[in-house]
Amino acid sequence: MLKNKQQNKNSHVDLSRDGLSIGDKTADGAIYVGISTVTDEKNNKVDFDLYMAAEDIRDVSNGNKPLKATWQKAATRLASTRNLHGRSASSYMTESELKKNPDQYDGGWMLPRFEELKVIKEAMNHPEIAASFNASATETANGSHWSCTEIESLKKETNGLFTQGRDSSYYVRDINLRTGYESWDGKGHAECSVRPVYRVKR
């Protein structure tokens, strides 16, 4: 096993701090998907190991099917997470909050940043990662997943659609993880799926 890990390292496969290859699961069942670099407001870079949940967030009010919801509902549902693979939700909700001080990130579940959705899309060639999306694909027709990346150039008044001061940008980036199509949608209009992630500083 150690030999295989070394071969992976020599092949430039991103290994986690714990020696996991992309597609490997942690003891709690989360899946390692690669390295995420967060650039803070002062242009300092912080590298994290990026892990995602083994399946999309589910909707307990709808027969436990994969949740397909507006950004506000998705973010609110994720914020209530208490024990997903042994972790709770982060106190951070948007990329802008994370970038203010990534060194202080609490390690909890978040919607992925737009760039992290790209990392996940690139990792879809790993069978274990692709299989984690296949189950959801049989239950929902929409392969688009929300990010936590707001579009600052498209700021609009949200008319109270989301509270607690987290509504500075009305539009959020999303990616269809099946087709790779990149888009942006209003927080209160479009409905997308939710695949949460957490990060561990390298």
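Of the candidates Lys45, Lys25, the single residue that is open to solvent by 40 Å² or more (accessible area, probe 1.4 Å), at pLDDT 90 or above and out of contact with any Ser or Thr (no Cβ under 8 Å at 6 or more places or on another chain) is Lys25. Scanning the stretch 129-161 for residues that are open to solvent by 80 Å² or more (accessible area, probe 1.4 Å), of a type outside the set (Val, Ile, Thr) and either modelled with pLDDT of 90 or more or closer than 19 Å to Leu67 by Cβ (or both) yields a count of 4.
Residues that are of a type in the set (Gly, Ala, Ser), part of a loop (DSSP other than H, G, I, E, B) and at negative phi within the stretch 14-40 comprise Ser16, Ser21, Ala27, Ala30, listed in sequence order. Close contacts from the stretch 186-202, counting a first residue that is under 18 Å from Asn176 (Cβ atoms) and a second that is crowded, with 16+ Cβ neighbours inside 10 Å and of a type in the set (Lys, Arg), with Cβ to Cβ under 6 Å and a gap of 6+ residues or different chains, come to Glu191/Lys68; Ser193/Lys68. The residues of the stretch 46-72 that are over 14 Å from the mean Cα position of the chain (by Cα), part of a strand (DSSP E or B) and in contact (Cβ under 8 Å) with a residue 24 or more places away in the chain, listed by number, are Val46, Asp47, Lys65, Pro66, Lys68, Ala69.
The values are calculated or read from the model by the stated rules, or taken from the named source; none is laboratory data. Just so it is clear, the model here is predicted, and its values are computed rather than measured. Note: ideal-geometry Cβ built from the backbone for every residue, glycine included; neighbour counts use all protein chains shown. Heads up: the accessible areas ignore ligands, DNA and RNA and are worked out on the full protein's heavy atoms, side chains in. Shrake-Rupley method; radii C 1.70, N 1.55, O 1.52, S 1.80 Å.
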